[in-house]
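For reference, the structure is listed below as structure tokens.
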Amino acid sequence: MKSALIVYFSQRGTNGRVAEAIGAGLREQGYHVALWNLKDGPPPEPRDHDVLGVGTPAYYFRAPFNVTDYVNSLQDLSGLPAFVFVVHGAYRGNTGNTVRRALRLKGAREVGYFHCLGADYFLGYLKEGCLISPDHPTADELGLAVAFGRNVAARLAGAPYARPDDDPQLPLIYRLERFLANQTLVKLFYSRCYRVNARCRPDCDLCIRQCPVRNIRRDDGGRLVWGRNCLLCLSCEMNCPEDAITSPVSWPIFRPFMIYNTRRASRDPALDSVRVIHKRGQTQRLT
Ligand SMILES: Cc1cc2nc3c(=O)[nH]c(=O)nc-3n(C[C@H](O)[C@H](O)[C@H](O)COP(=O)(O)O)c2cc1C
């Protein structure tokens with residue numbers, strides 16, 4: 001039986017649902033499908049499969065570091081068929097382009113590129129009271145993901161593939177934001193800048209348990225310490241039931257970007273959004 005490996009990264013499950021849907025399309029066509037969330041550790045060897053799928057959310061208009069690190073760590077794929085999918089809250093920017101290019105450089109042969117919207121639980125926007133794309137992926141979008149899986153199977157059986165162009169460049173302001181969240185700055189600077197106040201409960205450790213790359217620990221004195229592997233995903237700050245953690249993204253200097261982004265997305269007719277309050281690790285919808 002032919003087999004597909006789909007490696008994706010999902011914190012809140014939207015990428016996982018899209019991966020399942022694409023997998024369902026491939027299964028319909030007789031494939032055995034293995035799904036792997038990068039949160040669960042290193043994935044199995046892709047060259048033991050007939051096709052590799054890589055799924056990623058957009059983070060700061062690019063792919064999260066763990067996804068690009070994964071693709072860059074692969075050995076030569078020697079023509080292995082591969083597809084990419086992106087789930088994004090508003091504007092995916094360079095996300096698909098980088099992952100597609102990295103796979104190509106590894107010698108993969110692209111057989112599909114899919115993207116759709118997914119609820120945007122980015123803390124910076126939630127703090128502005130805005131949840132973008134709240135009910136995505138919709139049933140229709142998941143239906144398109146199933147059809148995409150079927151199409152990939154058809155291409156593997158010899159149907160022609162017209163490779164979609166790269167996604168267009170974003171306006172300068174988003175490129176600046178992407179630059180401000182680059183891997184070197186996160187590793188060398190932002191990851192040292194998390195602050196924890198006295199409300200932190202030593203018996204909680206939710207941040208440690210929920211960090212998708214196991215980057216947080218307690219030192220000998222019981223203080224929370226962030227390692228250099230941070231994705232700047234803000235899961236620690238966002239889920240804290242005591243609002244005890246402050247990440248660099250919550251610095252006042254970044255607030256104008258948050259205000260600009262949420263205003264622009266709320267006015268974009270291609271997007272929908274709802275008002276929310278985010279407090280003590282919970283997001284409550286107001287509309
Ligand atoms: C830290 C962070 C940064 C994000 N940056 C972007 C972005 O630049 N563009 C975008 O369209 N969506 C962005 N999003 C939204 C995610 O791409 C979207 O919510 C995705 O569905 C999350 O996938 P998951 O639910 O599987 O974790 C961001 C989300 C987070 C948490």
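See the values below:
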item: Tabulated pairs, the range 274-287, first of a type in the set (D, E, K, R), second exposed (fewer than 11 other Cβ atoms within 10 Å of the Cβ), C-beta under 6 angstrom, 6+ apart or interchain; result: R275/L286; R275/T287
item: Where a residue in the range 200-212 is over 11 Å from C240 (Cα atoms) and its partner, wherever it lies, is surrounded by fewer than 14 Cβ atoms within 10 Å (Cβ to Cβ), with Cβ under 7 Å and at least six apart; result: P202/G222
item: Elements of type helices (runs of 4 or more DSSP H) contained in the range 171-215, each with 3 or more residues being at pLDDT 95 or above and within 15 Å of the ligand (Cβ to nearest atom); result: 172-180, 183-188
item: Elements of type strands (runs of 3 or more DSSP E) in the range 23-109, at least 2 residues being of a type outside the set (V, I, T) and surrounded by 22 or more Cβ atoms within 10 Å (Cβ to Cβ); result: 51-57, 81-88
item: The listed residue being over 23 Å from T184 (Cβ atoms) and either within 11 Å of the ligand (Cβ to nearest atom) or modelled with pLDDT under 95 (or both), out of G53, G13; result: G13
item: Where L35 falls short, out of the listed (1) of a type in the set (A, V, I, L, M); (2) within 20 Å of A108 (Cβ to Cβ); (3) away from the ligand (no atom under 16 Å from the Cβ); result: (3)
item: Search result, residues across the range 236-287 that are surrounded by 14 or more Cβ atoms within 10 Å (Cβ to Cβ), among the polar types (S, T, N, Q) and either closer than 24 Å to Y91 by Cβ or modelled with pLDDT under 95 (or both); result: S247, S250, N261, T262, S266, S273, T283
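Conditions (1) within 12 Å of the ligand (Cβ to nearest atom); (2) in a strand (DSSP E or B); (3) within 29 Å of D69 (Cβ to Cβ); (4) among the β-branched types (V, I, T), marked per residue:
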{"site": "C230", "(1), (2), (3), (4)": "yes, no, yes, no"}
{"site": "M238", "(1), (2), (3), (4)": "yes, no, yes, no"}
{"site": "D243", "(1), (2), (3), (4)": "no, no, no, no"}
{"site": "V249", "(1), (2), (3), (4)": "yes, no, yes, yes"}
{"site": "R255", "(1), (2), (3), (4)": "no, no, no, no"}
{"site": "I259", "(1), (2), (3), (4)": "no, no, no, yes"}
{"site": "A265", "(1), (2), (3), (4)": "yes, no, yes, no"}
{"site": "P269", "(1), (2), (3), (4)": "no, no, no, no"}
{"site": "R275", "(1), (2), (3), (4)": "no, yes, no, no"}
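A quick yes/no check of all residues on (1) of a type outside the set (D, E, K, R); (2) in contact with a strand residue (DSSP E or B) (Cβ under 8 Å, 6 or more places away or on another chain):
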| residue | (1), (2) |
| --- | --- |
| R47 | no, no |
| V51 | yes, yes |
| G55 | yes, yes |
| F61 | yes, no |
| G96 | yes, yes |
| L103 | yes, yes |
| Y125 | yes, yes |
| G143 | yes, no |
| N151 | yes, yes |
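The values are calculated or read from the model by the stated rules, or taken from the named source; none is laboratory data. The structure presented is a predicted model; accordingly, all values stated were derived computationally and were not measured. Virtual Cβ from ideal backbone geometry, glycine too; neighbours counted across all protein chains shown.
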